[in-house]
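K.L.:
Sharing a structure here in structure tokens format.
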Amino acid sequence: MIIDGKAVASGIREQIKLRAKKLADEGRPAGLAVIRIGDDAASEVYVRNKIKGCTEVGISSFSYELPATTSQATVIELIRELNSRDDVHGILVQLPLPKGLDESVILAAIDESKDVDGFSAKQTGLLALGTPDLVACTPHGCMELIKSTGVQIAGKRAVIVGRSNIVGKPMFHLLLAENATVTVCHSKTRDLVELTRQADILVAALGKPRFVTADMVKEGAVVIDVGINRVDGKLVGDVDFDAVSKKASYITPVPGGVGPMTITMLLYNTVKAAERSVK
Ligand code: NDP
């Protein structure tokens, strides 16, 4: 079965819309500030889609386009101003940043309660402690997709390929919290195929086109493909979809799987942060 990320995302967005409307009716519309620095073409598309997503669900958006030459002090000054604004509940700095800007310093300047990307040390730590607050959007979206299958997670063997701070590591904590037995693999992992073959739930997040082949997958596994790779002008995932889909019980396509969930969970976090600020 193919997991339809667009359909799952659309169901969640309907709920977000209702919550955003309630906030707007109370005179406190949810607001997301998006900062883009430099002229990275992919970032421009991502930011445009985030703003579009806000409009669709009734979240106010504030877009800041800064030149690549902007100083770190100026970016931090802008973040501090946004931290103090009552109409801004989420702040997002689109990555990657131009050379010369320190990503960790800039992200650390965002008030934790407005960190809707969930990348700050505090949000990452809360997730690791089993008390998640604003969860990183892509892994959160992956969990929603796994849950949408109805497959029980507790007790299952889950394997994640990739250990980045924004996907692999938070995915580990989310699956662990659902009582899966989780293995995280990376570029130095020995006998990767042995491990992936044991996975009831396999998450591929390594950024290598069609890396996960059918022989690496257990019959009946749930396969979540986070990868976004452009090959000959076409988007492909980290999983060899055609072959693996014949073995998996559930699988996400690329595009149309994890992708639509990431922005949806960003909108979810923004509404959550806004509701909390009202309280
Ligand atoms: P990173 O490059 O930050 O991390 C890749 C990870 O994969 C690293 O941990 C690396 O190991 C591991 N890895 C690389 N090669 C291998 C290998 N041969 N065997 C095992 N592990 C390997 O990537 P991200 O986590 O940022 O992104 C992963 C993919 O997901 C990309 O395609 C990206 O475009 C996509 N993505 C999609 C999103 C969406 O919305 N759908 C959002 C975010 C990312 P090591 O640590 O040892 O180097």
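K.L.:
Do you know the relative contact order of the chain, to the nearest whole percent, from alpha carbon pairs under 8 angstrom that are 6+ apart? Spell out each step's value before the answer.
P.N.:
Working: 554 pairs, mean separation 61.8, N = 279.
It rounds to 22 percent for the chain.
K.L.:
Would you calculate a helix-derived [θ] at 222 nm for the chain, using -39,500 (n - 2.57) for each DSSP H run of n ≥ 4 and dividing by the full residue count, to the nearest 500? All intermediate terms of the calculation are to be shown ahead of the outcome.
P.N.:
Details: 10 runs with 116 residues, N = 279.
After summing the helix terms and dividing by residue count, I get -13000 deg cm²/dmol.
K.L.:
Mind checking the full-extension length gain between A68 and D242? Use 0.36 nm per residue of separation minus the Cα-Cα distance, one decimal, nm.
P.N.:
Between A68 and D242, full extension yields 58.6 nm more.
K.L.:
Put +1 on the Cβ of every Lys and Arg and -1 on every Asp and Glu Cβ in the chain; which of P67, G118, A205 then has its Cα farthest towards the positive end of the dipole?
P.N.:
It is A205.
K.L.:
Sticking with this structure for a sec: Please list log₁₀ I(q)/I(0) at q = 0.16, 0.21 Å⁻¹ for segment 48-155, using the Debye equation with identical point scatterers on the alpha-carbon positions.
P.N.:
Result of the Debye calculation: -0.85, -1.27.
K.L.:
Please list, in order along segment 138-150, the HN-Hα scalar couplings obtained from phi with the Karplus expression 6.51 cos²θ - 1.76 cosθ + 1.60 (θ = phi - 60°), rounded to whole Hz, x for Gly and Pro.
P.N.:
So the Karplus estimates, Gly and Pro as x, are 5, x, 4, x, 4, 4, 4, 5, 4, 5, 5, 6, x Hz.
K.L.:
Running Debye on the chain with equal point scatterers at the Cα sites and no solvent, what base-10 log of I(q)/I(0) appears at q = 0.08, 0.11, 0.13, 0.15 Å⁻¹?
P.N.:
Reported log10 I(q)/I(0), two decimals: -0.34, -0.64, -0.88, -1.14.
K.L.:
Over segment 165-244, calculate the relative contact order: mean separation of alpha carbon pairs under 8 Å at least 6 apart, over the residue count, as a percent. Walk me through the intermediate numbers first.
P.N.:
Details: 117 pairs, mean separation 20.6, N = 80.
Relative contact order, segment 165-244: 26 percent.
K.L.:
Holding the Cα-Cα limit at 28 Å, pick out from K50/K122; K52/K246; K99/K147; K208/K272 the pairs that are longer than that. Before the final figure, lay out the partial values.
P.N.:
On the way: K50/K122 24 Å; K52/K246 35 Å; K99/K147 39 Å; K208/K272 34 Å.
Cα-Cα > 28 Å for K52/K246; K99/K147; K208/K272; rest within.
K.L.:
Please compute the net charge surrounding A221, taking Lys and Arg as +1 and Asp and Glu as -1 over other residues with Cβ under 10 Å from its Cβ.
P.N.:
Net local charge, A221 excluded: +3.
K.L.:
Using mean Cβ contacts within 10 Å as the protection proxy, how do 165-176, 98-109 order, highest first? Mind dumping the intermediate values first?
P.N.:
Details: 165-176: 21.0, 98-109: 13.8.
So the order, starting with the most tightly packed, is 165-176, 98-109.
K.L.:
Oh, and also: Segment 132-146 to segment 57-81: how many Å between their Cα centroids?
P.N.:
25 Å
K.L.:
To continue, here is another question. Rounded to the nearest 20 debye, what is the charge dipole size of the chain about its Cα centre when +1 sits on each Lys and Arg Cβ and -1 on each Asp and Glu Cβ?
P.N.:
Values: 34 positive and 33 negative charges, 94 e Å.
For the chain, the charge dipole is close to 460 debye.
K.L.:
Please report, largest first and rounded to whole Å, the three semi-axes of the ellipsoid equivalent to segment 127-226, where each semi-axis is the square root of five times an eigenvalue of the C-alpha gyration tensor. Present the calculation step by step, with values, prior to reporting the outcome.
P.N.:
Values: eigenvalues 80, 47, 30 Å².
Semi-axis lengths for segment 127-226 are 20, 15, 12 Å.
K.L.:
Next question, about the same structure. Restricting to Cα pairs below 8 Å that are 6+ residues apart, what does the relative contact order work out to for segment 106-147? Please round to a whole percent. Walk me through the numbers before you get to the answer.
P.N.:
Working: 32 pairs, mean separation 13.1, N = 42.
Answer for segment 106-147 is 31 percent.
K.L.:
Multiply the residue separation of T55 and T189 by 0.36 nm, subtract the distance between their alpha-carbon atoms, and state the gained length in nm to one decimal.
P.N.:
Details: separation 134, 0.36 × 134 = 48.24 nm, distance 4.30 nm.
Residue separation times 0.36 nm, minus the Cα-Cα distance, leaves 43.9 nm.
K.L.:
Right, something else. What's the magnitude of the charge dipole for segment 107-155 around its Cα centre, counting Lys and Arg as +1 and Asp and Glu as -1 at the beta-carbon? Answer in Debye, nearest 20. Display every interim value, and only then the final one.
P.N.:
Numbers: 3 positive and 6 negative charges, 34 e Å.
About 160 debye.
We did not get these values from a lab; they are worked out from the coordinates using the rules stated. What you see is a predicted model; the values in this text were computed from it and never measured. Cβ sites come from the backbone with ideal geometry, for glycine too, and all protein chains shown count toward neighbours.
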